[in-house]
Amino acid sequence: MELQTTENTPENAMDVLESLSSAINVAKHLMNKCQRGNSSKSDSELKSTIQQLEEVINHMGEHLSLIPSSTFQNQKYAEVSVRSLSNEMKHAHFEVGQNQESQTKELEPQKSLSEEEHNHHEEPVQTESDLYSINVEVSRDNFQFLNKPYLIEFLKNKSLSSQSELNNRSMSSSALPQTIGYIEPLYKTFYCPLTNQIMDDPVTIESGVTYERHAIIEWFEEFDNSEEILCPTTGKKLLSTVLRPNIALKTTIEEWKARDEEAKIKVACAALSLGSSASMVFEAIRDLQGICARKQYNKVQVCNAGVLPLLVKFLEYKDRDVRCAVLELLRELADDDDGKEMIAKMADISTVIKMLSSGHQPIRHAALLLLLELSRSQALCQKIGSVPGGVLMLIRCKYHHSVDAFSSEKADEILRNLEKSPENIKHMAENGLLEPLLSHLIEGSEEIQMEMASYLGEIALGNDSKTYVAEKASPTLIQMVHRGNTLSRSAAFKALAQISSYSSNARILTKAGIIQVMAEEMFTRRIYDEPMNSRNEAAAILANIFEAGIEFQNLQVNTHGHKITSDYVLYNIIHMLKNSTPDELNVNLLRIVLSLLKDPNAVNNIVSVVKESEASYTLIELINNPQEELGVAAIKLLIELSPHMGHTLVERLCKTRGQPESLILGHMTTQISERHAVSAKFLAKLPHQNLTLNLALLRKNTVPTVVQTINQLQISGIRTSRYASAYLEGLVAILVRLTTTLYEPEFLSLARKYNFTSLFTELLMKTSSDEVQRLSAIGLENLSEESINLSKPQQMKKSKSWKQALPKFLYLGSSKKRKESICPVHRGACSSQNTFCLIDAKAVERLLACLDNENVVVVEAALSAICTLLDDKVDVEKSVSMLSEVNAIHHVLNVVKEHRGEGLWQKSFWIIERFLMKGGDKSASDISQDKLLPATLISAFHHGNGNTRQMAEKILSLLNKVPGIPTAGYTL
């Protein structure tokens, strides 16, 4: 059927099939002829039948060999089996065996499977345990001494284990196919009369009977008196217990065992090739295990018989007992280098590693033991480690000691073996096992240290791992930088750069002495033939450490006593910045200076050095650098310097070509970057009232872009980029700075044109940023302070013009003037756009809402804006009345209760005082009903500063809580 259905059916397929079919029928006839009444046949007839059977089998072998190789395609094992079967059949030979008891010649062939099925109605043939035509039970029946009490008792003690082993052998072999045509007969003399087992070390005693050595020694030990020792078989008393090795018998048995084991290997191969049932495969593998365990050379025979390819395909067999047995047998075959190499070539190591996650514990253990055996070969270590996820699985087993102690122990042994390959050490570190890498780094040779350090620089470490490495390896890495060759230094620099990138490691590295070594690399040490820039590497590491916020006060950079904040260090850094150094080094130098500015004790010294060295020009020039990171670093440093030398920076910024407008217009893109945010923040941090900068921004036409961008951000939201919020804050601050110079007509016209009052009012409520709210309130405060000057009372003309005589509906005057209403607070015509009136802009309610903010700076800015409506220049009574209508005093009283800042108290107390003095009885009643206010006022009276205390005392006086303040002409 197989030949007929294959795609490559040979031309002679039908001839082969017909010939084999005919030959099988003839062979069956001859077999039946031999089995029927063979005792009555003459020797010549029997030999003739046997000769005919040989010819038929030889003929079948010839026809099997006619099947071409192309038929098998990729099934090479099937081809090997067919070729082997053909070869055996072509050389098949039978002889008449001689029975030792009857001395008659007879042939006892084994029945084929088809014969057994055909004759299933006949009595079943007893299956022999070792595939040979001899019943081992006969050996005990022929003993003449079974009725002796000593022997009976001895056999009782031994029979259970012996019979169990015989039964196991019988069960094992019964599942295997009967494929051996001829096997050397097994003789009774091979068996020990005591153990009923084939002897390994036969010895002959005085009676001439041969026994297994250990069995007869145990027999002798059963007798207390050496003079009463009897032979187990003959029952004769033994005068001597001398044991003489039966070398001839031992040699014969060994030869038979060799043939027997060779035959069993063939049977097992056939069973594995067929693989018809799990039980057959399992028993075949168990038999092979037993064969391999008996003699080392048997393992070579098993491998040479082609078992390995058959075993490998069963690694993924559905039956887990089979998989477990395969793993155990492979481990047996892998006990030498040749076996390991053969297994590694034929087996997929990844399949074995997958079994480490099996829920069946025996499979996990067997897989670990096989991997342990393979890992003893250095050549295979890298192959095991290269399996994706293999090292991770082993590490997982190693750390699950509480779940499976055996697996943990064996996985640990495997990992130690895998350390023979440096690449495996890297894989272990990548998967969280750092101890091998660190131990080789600390204790290894210079070459090993260099390799391990390079791995540390390459692999991605978690923060916990970085700390562990810093604690264990930082002294070694620092020493490699200081004393190593070029390659070692380069590897150590990369490792230290990664370790220092985690801020928590700064103190560990500082304690290890890294500061002085890195400072030496930056300022004094020069190795001109190195391909790397050691100054850049050192600067990056120092920048990482300084950014972590360590204390700089007592941090020395060399043996001369120079500290990190000394002029020596600062001038060296500025000098390197002023010279055309690589961009990457400049970035790290700027990071170092920026970190040093965080130390209050170092600020004055840094500002002084920057001013004296004219480094500010260099920093301003770096703003325009196309390299994003360098430009951002320069601007960040300028932002920190602006509170200390802001006007100087403005002067030099405005003298630089393309500035300051390029900070707003020079890099406009759809995506908001960090450079956008820091550029806007820099312009916002420079002195707000610096007219030079404000005019430059105005005349370079940056304001339309700022206003347009703010509106776009309000529409799209600040979540479009991580820097959008900071960018919006910077843009709003730029507009606020322009409100500080409204005395200039150009800025006044600008504020009116873009309606700054409405813009800031909208920003108060349409943003989630506290800083934008604070800036908007400040902008409204600046605008509102100008309202009293811009709001002019309407002039009543003495004579009526002809326009006044017209009916109202025919009035053709300016609509703009008609829209400007009389403001009760500012006493004149007001509008939000022209006079920046907060009342007309409806900003008061939004400012009051800001008083509920938890951020103190927002609350203080909103209070300042509200205070502009209670200034002496406005109509305070009307203002108080207007604020009372929106319940302003309750918001202010809440501020007093919730916050304790001096600035907030002063502004709040000032507003409360205004309400008490100008608000009439209603305001006084509302304020006096607040039960917590007196306690707050008393606290401020006792603990506040001068102004706060005076204001608290005045309010308490107005509330009749303290004696009234004397009049101006009264002297105490």
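The values are calculated or read from the model by the stated rules, or taken from the named source; none is laboratory data. As the structure is a prediction and not an experimental result, all values here were calculated from the model. Cβ sites come from the backbone with ideal geometry, for glycine too, and all protein chains shown count toward neighbours. Only protein heavy atoms, including side chains, enter the accessible area calculation; ligands, DNA and RNA are left aside. Shrake-Rupley method; radii C 1.70, N 1.55, O 1.52, S 1.80 Å.
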**Item:** Odd one out for residue 190 among (1) in contact with an Asp or Glu (Cβ under 8 Å, 6 or more places away or on another chain); (2) open to solvent by less than 20 Å² (accessible area, probe 1.4 Å)
**Value:** (1)
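Per-residue answers, yes or no, for (1) more than 16 Å from residue 671 (Cα to Cα); (2) buried (at least 17 other Cβ atoms within 10 Å of the Cβ); (3) free of Cβ contacts under 8 Å to residues at least 40 places away in the same chain:
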{"residue": "722", "(1), (2), (3)": "no, no, yes"}
{"residue": "726", "(1), (2), (3)": "no, yes, no"}
{"residue": "738", "(1), (2), (3)": "yes, yes, no"}
{"residue": "744", "(1), (2), (3)": "yes, no, no"}
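Every residue, every condition in (1) modelled with pLDDT under 90; (2) under 19 Å from residue 355 (Cβ atoms); (3) touching a helix residue (DSSP H, G or I) at 6+ places or on another chain (Cβ under 8 Å), yes or no:
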residue	(1), (2), (3)
379	yes, no, yes
395	no, yes, yes
402	yes, no, no
408	no, yes, yes
411	no, yes, yes
414	no, yes, yes
428	no, no, yes
**Message:** Which pairs turn up if I take residues in the range 857-875 that are on the phi > 0 side of the Ramachandran plot and free of Cβ contacts under 8 Å to residues at least 12 places away in the same chain and look for partners that are hydroxyl-bearing (Ser, Thr, Tyr) and surrounded by 20 or more Cβ atoms within 10 Å (Cβ to Cβ) with beta carbon separation below 6 Å, at least 6 apart in sequence or on another chain?
**Reply:** none
**Item:** Breaking point among (1) within 57 Å of the chain's Cα centre (by Cα); (2) small (Gly, Ala, Ser); (3) buried (at least 16 other Cβ atoms within 10 Å of the Cβ), for residue 903
**Value:** (3)
**the range 882-900, residues that are surrounded by 21 or more Cβ atoms within 10 Å (Cβ to Cβ) and closer than 22 Å to residue 788 by Cα** = 883, 888
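Pick out, from the range 369-464, the helices (runs of 4 or more DSSP H) lying fully within it that include 3 or more residues that are open to solvent by 60 Å² or more (accessible area, probe 1.4 Å).
On the way: elements: 378-385, 390-398, 405-418, 422-430, 435-443, 446-458.
Answer list for the range 369-464: 378-385, 405-418, 435-443, 446-458.
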**Item:** Candidate set: the range 625-668, residues that are within 14 Å of residue 690 (Cβ to Cβ) and among the small types (Gly, Ala, Ser); chosen: the one farthest from the chain's Cα centre (by Cα)
**Value:** 646
**Message:** If a residue must be open to solvent by 40 Å² or more (accessible area, probe 1.4 Å) and either touching a helix residue (DSSP H, G or I) at 6+ places or on another chain (Cβ under 8 Å) or over 16 Å from residue 210 (Cα atoms) (or both), how many such residues does the range 232-242 contain?
**Reply:** 3
**Item:** Total residues in the range 623-637, condition in contact with a helix residue (DSSP H, G or I) (Cβ under 6 Å, 6 or more places away or on another chain), assigned to a loop (DSSP other than H, G, I, E, B) and open to solvent by 40 Å² or more (accessible area, probe 1.4 Å)
**Value:** 1
**Asked** List pairs: first in the range 81-103 and closer than 20 Å to residue 270 by Cβ and open to solvent by less than 60 Å² (accessible area, probe 1.4 Å), second at pLDDT 50 or above and assigned to a loop (DSSP other than H, G, I, E, B), Cβ under 7 Å, 6+ apart or cross-chain?
**Response** 82/67; 86/65
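For the range 842-853: of the residues being of a type outside the set (S, T, N, Q) and open to solvent by 20 Å² or more (accessible area, probe 1.4 Å), which is nearest to residue 789 (Cα to Cα)?
Restricting attention to the range 842-853, the residues satisfying the condition of being of a type outside the set (S, T, N, Q) are 842-852.
Checking the rest, the ones that are also open to solvent by 20 Å² or more (accessible area, probe 1.4 Å) come to 842, 845-846, 849, 852.
Values: 842: 20, 845: 23, 846: 24, 849: 27, 852: 31 Å.
By that ranking, first place goes to 842.
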**Prompt:** Residues of the range 669-685 being surrounded by 17 or more Cβ atoms within 10 Å (Cβ to Cβ) and either more than 45 Å from the chain's Cα centre (by Cα) or among the β-branched types (Val, Ile, Thr) (or both), which ones?
**Reply:** 672, 678
**Prompt:** Can you name the helices (runs of 4 or more DSSP H) wholly within the range 868-972 that have at least 1 residues being modelled with pLDDT under 80 and either among the acidic types (Asp, Glu) or out of contact with any strand residue (DSSP E or B) (no Cβ under 8 Å at 6 or more places or on another chain) (or both)?
**Reply:** 902-918, 920-928, 933-943, 946-958
**Asked** Which condition breaks for residue 817 when tested against (1) at pLDDT 85 or above; (2) in a helix (DSSP H, G or I); (3) open to solvent by 70 Å² or more (accessible area, probe 1.4 Å); (4) of a type outside the set (Asp, Glu)?
**Response** (1)
**Asked** So which of 180, 229 ends up being among the β-branched types (Val, Ile, Thr), modelled with pLDDT under 85 and open to solvent by less than 60 Å² (accessible area, probe 1.4 Å)?
**Response** 180
**Message:** So in the range 263-281, with the set limited to residues that are open to solvent by less than 60 Å² (accessible area, probe 1.4 Å) and not in a helix (DSSP H, G or I), which one is modelled with the lowest pLDDT?
**Reply:** 275
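For the range 854-881, which residues satisfy the criterion of being open to solvent by 40 Å² or more (accessible area, probe 1.4 Å), among the aliphatic types (A, V, I, L, M) and either out of contact with any His (no Cβ under 8 Å at 6 or more places or on another chain) or under 17 Å from residue 912 (Cβ atoms) (or both)? Steps first, please.
Just the residues of the range 854-881 that are open to solvent by 40 Å² or more (accessible area, probe 1.4 Å), to begin with: 854-857, 860, 871-873, 877-878, 881.
This time we only want the ones that are among the aliphatic types (A, V, I, L, M), so: 856-857.
Listed by number, the list holds a single entry, 857.
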**Item:** Whichever residue in the range 598-622 is out of contact with any Ser or Thr (no Cβ under 8 Å at 6 or more places or on another chain) and buried (at least 20 other Cβ atoms within 10 Å of the Cβ) and, among such residues, is nearest to residue 573 (Cα to Cα)
**Value:** 615
**Residue check for residue 640: more than 30 Å from residue 513 (Cβ to Cβ), open to solvent by 60 Å² or more (accessible area, probe 1.4 Å) and among the charged types (D, E, K, R)** = no
**One residue from 260, 336 being open to solvent by 40 Å² or more (accessible area, probe 1.4 Å), modelled with pLDDT under 85 and either among the acidic types (Asp, Glu) or at positive phi (or both)** = 336
**Request:** Mind listing whichever residues of the range 349-368 are surrounded by fewer than 17 Cβ atoms within 10 Å (Cβ to Cβ) and either touching a Lys or Arg at 6+ places or on another chain (Cβ under 8 Å) or touching a residue at least 24 places away in the same chain (Cβ under 8 Å) (or both)?
**Result:** 350, 351, 357, 358, 360, 361, 362
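Looking at the range 498-509, which of its residues are of a type outside the set (Lys, Arg) and surrounded by fewer than 16 Cβ atoms within 10 Å (Cβ to Cβ)? It would help to see each step written out before you state the result.
So in the range 498-509, the residues of a type outside the set (Lys, Arg) come out as 498-506, 508-509.
Residues satisfying the conditions are 503, 504.
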**Complete:** Within the range 253-289, residues in contact (Cβ under 8 Å) with a residue 40 or more places away in the chain and closer than 28 Å to residue 204 by Cβ come out as 253, 256, 257, 259, 260, 261
**Request:** Answer yes or no as to whether residue 702 is over 30 Å from residue 544 (Cβ atoms), among the hydroxyl-bearing types (Ser, Thr, Tyr) and open to solvent by less than 10 Å² (accessible area, probe 1.4 Å).
**Result:** yes
**Request:** Report yes if residue 228 is free of Cβ contacts under 8 Å to residues at least 24 places away in the same chain, farther than 30 Å from residue 312 by Cα and under 60 Å from the mean Cα position of the chain (by Cα), otherwise no.
**Result:** no
